[in-house]
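The values are calculated or read from the model by the stated rules, or taken from the named source; none is laboratory data. These numbers come from a predicted model, not from an experiment. In this analysis, Cβ positions are derived from the backbone assuming ideal geometry, glycine residues included, and neighbour counts consider all displayed protein chains.
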Amino acid sequence: MVGDGPDRTMLEDYARNLGIEDKTVFTGFQSNPVDYLDAMDIFLLSSHTEGTSMTLLEAMSLGKPCIVTQVGGNPELVQGEINGLLVPTNDPAAMSAAMVRLADDTAFKNQLGEHANTMFHRKFSATKMAGRYAGCYRHVTSR
């Protein structure tokens, strides 16, 4: 698990109680998580609140299939069944079912990852974003 938060101690205890402590890594906050993201098969974002997640965009840029909660900007970035899966907030069963679905269907998982990467490069690459900012600047200064 990459990141930190108020539930970290509880999650570490949970992993210990399940006997999977030796198979679970808690990295804490990482200012540059790209190496961790690159190692993942699936990116999960179970936020209760979220703006536009830079980490989600980074995962998409790496072609990771994403499972995210339906909060904040997540539904704007993840189109359910196209470039990732959306699950309700506070619904561990739905999150678990989505994880099992992707673990069981490699072709679908890979397809979601490819579409995530395509969408990222079409809409959110540095070149695209710079072009949009330049367009906004031109619009504002032309008044």
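Data for the structure
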{"quantity": "Enumeration of residues in the range 3-23 that are surrounded by 13 or more Cβ atoms within 10 Å (Cβ to Cβ) and either within 23 Å of Thr106 (Cβ to Cβ) or modelled with pLDDT under 90 (or both)", "calculated": "Gly3"}
{"quantity": "Residue list for the range 77-88, filter: under 13 Å from Ile42 (Cβ atoms), aliphatic (A, V, I, L, M) and either loosely packed, with under 14 Cβ neighbours inside 10 Å or in contact with a Cys (Cβ under 9 Å, 6 or more places away or on another chain) (or both)", "calculated": "Val78, Leu85"}
{"quantity": "Pairs with Cβ under 7 Å, 6+ apart, first in the range 87-105 and touching a residue at least 12 places away in the same chain (Cβ under 8 Å), second surrounded by 12 or more Cβ atoms within 10 Å (Cβ to Cβ) and in a helix (DSSP H, G or I)", "calculated": "Val87/Ala94; Val87/Met95; Val87/Ala98; Pro88/Ala94; Leu102/Phe108; Leu102/Lys109"}
{"quantity": "Where a residue in the range 24-48 is closer than 15 Å to Val68 by Cα and its partner, wherever it lies, is outside any loop (DSSP other than H, G, I, E, B) and among the acidic types (Asp, Glu), with Cβ under 9 Å and at least six apart", "calculated": "Leu37/Glu58; Phe43/Glu58"}
{"quantity": "Odd one out for Asp35, checked against (1) loosely packed, with under 12 Cβ neighbours inside 10 Å; (2) in contact with a strand residue (DSSP E or B) (Cβ under 9 Å, 6 or more places away or on another chain); (3) not polar (S, T, N, Q)", "calculated": "(2)"}
{"quantity": "Some residue of the range 62-76 being under 25 Å from Phe108 (Cα atoms) and exposed (fewer than 12 other Cβ atoms within 10 Å of the Cβ)", "calculated": "yes"}
{"quantity": "Any hit, the range 112-133, residues being under 19 Å from Gly3 (Cβ atoms) and of a type outside the set (Lys, Arg)", "calculated": "no"}
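Yes or no, residue by residue, for (1) touching a strand residue (DSSP E or B) at 6+ places or on another chain (Cβ under 7 Å); (2) farther than 22 Å from Asn32 by Cα; (3) hydrophobic (A, V, I, L, M, F, W, C):
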{"residue": "Gly51", "(1), (2), (3)": "no, no, no"}
{"residue": "Gln70", "(1), (2), (3)": "yes, yes, no"}
{"residue": "Met95", "(1), (2), (3)": "yes, yes, yes"}
{"residue": "Ala98", "(1), (2), (3)": "yes, yes, yes"}
{"residue": "Leu112", "(1), (2), (3)": "yes, yes, yes"}
{"residue": "Phe120", "(1), (2), (3)": "no, no, yes"}
